[in-house]
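Structure first, commentary second.
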């Protein structure tokens, strides 16, 4: 099995994801929000306790947040499984694409692996992310 590796001429495909700085409430994640709600409940003024309605609203917000976190985790698992299934469809096919270093790789897919939540196609010693596949050719028996 031949594996051809060449340097990609597509400089445009070298995209670096730069996460913009978040400030204020946009920087809060689910854990921060939960801690904020719990701290608010623990440190309320005894002379002006939270009304039952406000307490129920806060508890409802906490339950909603917990459900959203669980749903997000479930969706991540589903996406991961779907990526693995998608990658398995390439087994035995001749593919072309760029690896993580933007080096063009082509050859017959001999394995599919999951790494950091993404499916990678194995071609000999090389691996390319499924999302970077640019061409697929079926191999026909002769």
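Points to keep in mind about this one:
- Net length available on complete extension from residue 137 to residue 48 is 24.9 nm, with 0.36 nm assigned per residue and the Cα-Cα distance removed.
- Label zone of residue 30 (point 7 Å out along Cα→Cβ, amide N under 15 Å): in segment 57-98 this covers 61-79.
- Legend: P(r) of segment 39-123 from all alpha carbon pair distances, 10 Å bins from 0, whole percents, reading 15, 27, 16, 13, 12, 12, 5, 0.
A short reminder: the numbers here are calculations on the coordinates, not readings from a lab. All of these numbers come straight from a predicted model, not from anything done at the bench. Quick reminder, even Gly has a Cβ in these numbers, built from the backbone with ideal geometry, and neighbours come from all protein chains shown.
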